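Colleague: First, the structure itself, so that you have it in front of you.
Bear in mind these aren't lab numbers, they're just calculated from the coordinates by the rules spelled out. Predicted model only: the values in this text are computed from it and were never measured. Positions of Cβ are backbone-derived with ideal geometry, glycine not excepted, and every protein chain shown enters the neighbour counts.
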């Protein structure tokens, strides 16, 4: 039994050591660095051992929501905004002891954004010409330190608390060409791209996270995860394209609960869970008046994993079940000022593709780990 649990723990590490937080479209839930959890990282790591991994994610956002209602007419008219976002993260988790572990996540991004309204306006009042802006480069790096609350050598379940720091290493004033600009719509201007495709947000932000697992049988494990990012800075000082406001440095949140099933086929495992991620209307600390598109996504998340020796290959495909672009502080202020209800929209993705590869360095295969005693 103890050997089985040791094997399960190793699987949980490599199955979840890929990044977790994802962008979801115009609601700028930053990819890796802001909501990435490295869930399970540090399990089975002794002092001096490490996990190294890479994680690739992709999504296409194009469905517009105002509140929880989809604006289907945008697709029918062909005026939808289309974001194609690619994330490539490199991460390492290092065992400081059998209970303390540190991690570092270095993200790179490539985004394209296709629209009409940014390039002369949507028809019938606008020109209706679709053009594309893009951004790429290093995102916001995150460092973390975590501690397992129970001795992994004695308990079959465990929970860890972690503190992290997101650094503003990504460009938050990336520019590109915008067509059909100016009073006569006959100019091409170079100015900042939309907030949703900026590689970074410009803020230093501590993070607080909780992760845990609990075996319920010899083949099923329940896992939980939660993260909150506290952006103390209200805005990053960069004006939006129209110069009416500054980009916000918003808080972000992510949570996950699910179950792993270890199949009878050696190395092949399955996952099914639910997840919630988003940007709040109000930050926990500091002001919230700068420009943001708050909102959240609830997704069902199936996944599959194959493990061979000290390597793990994982594919997860979260599928959006509920999307809500909530009313921002600026929306509320304009509603009061004009007497007319204001509520901005945002584009969301239908699903996300996430593929990760993780290697354990500095030890023999976990399948050959020595027998250990665990309390129930």
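Colleague: Where does each of 291-299, 234-242 land if you order them by average Cβ count within 10 Å, highest first? Before the final figure, lay out the partial values.
Modeller: Details: 291-299: 22.7, 234-242: 16.1.
Listed from highest to lowest mean packing, they are 291-299, 234-242.
Colleague: Still on this structure, please answer the following. If I stretch the segment between residue 263 and residue 167 completely, what's the gain in nm (0.36 nm per residue apart, minus their alpha carbon distance), one decimal? Spell out each step's value before the answer.
Modeller: Values: separation 96, 0.36 × 96 = 34.56 nm, distance 3.99 nm.
Additional length available on full extension: 30.6 nm.
Colleague: Report the Cα centroid-to-centroid distance between region 254-299 and region 133-210 in angstrom, as an integer.
Modeller: Using only Cα atoms to place each centre, the spacing works out to 16 Å.
Colleague: Which ordering of 289, 194 is given by a fewest-first count of other beta-carbon atoms within 10 Å?
Modeller: Values: 289 15, 194 22.
Least to most surrounded, the residues fall as 289, 194.
Colleague: What order do you get for 120-131, 254-265 when each peptide is scored by the mean count of other beta carbon atoms within 10 Å, highest first? Write out the running numbers ahead of the final one.
Modeller: Values: 120-131: 14.8, 254-265: 16.7.
Peptide ranking by packing, descending: 254-265, 120-131.
Colleague: Using a simple spin-label model with points 7 Å from Cα along the Cα→Cβ vector, what separation in nm is obtained for residue 319 and residue 239?
Modeller: 4.6 nm
Colleague: Here's a follow-up. What is the P(r) of region 2-364, as percent of Cα-Cα pairs per 10 Å bin from 0?
Modeller: Reading upward from the zero bin: 5, 25, 32, 21, 11, 5, 1, 0.
Colleague: Related question: Take peptides 62-71, 322-331, 168-177 and line them up by average Cβ neighbours within 10 Å, highest first, as a rough protection proxy. Mind dumping the intermediate values first?
Modeller: Working: 62-71: 16.8, 322-331: 20.4, 168-177: 18.3.
Top of the packing list down: 322-331, 168-177, 62-71.
Colleague: Provide, as a two-decimal number, the C-alpha radius of gyration of region 192-304 over 2.2 N^0.38 Å, N being how many residues it has.
Modeller: On the way: Rg = 18.6 Å, N = 113, 2.2 N^0.38 = 13.3 Å.
The reported ratio for this selection is 1.40.
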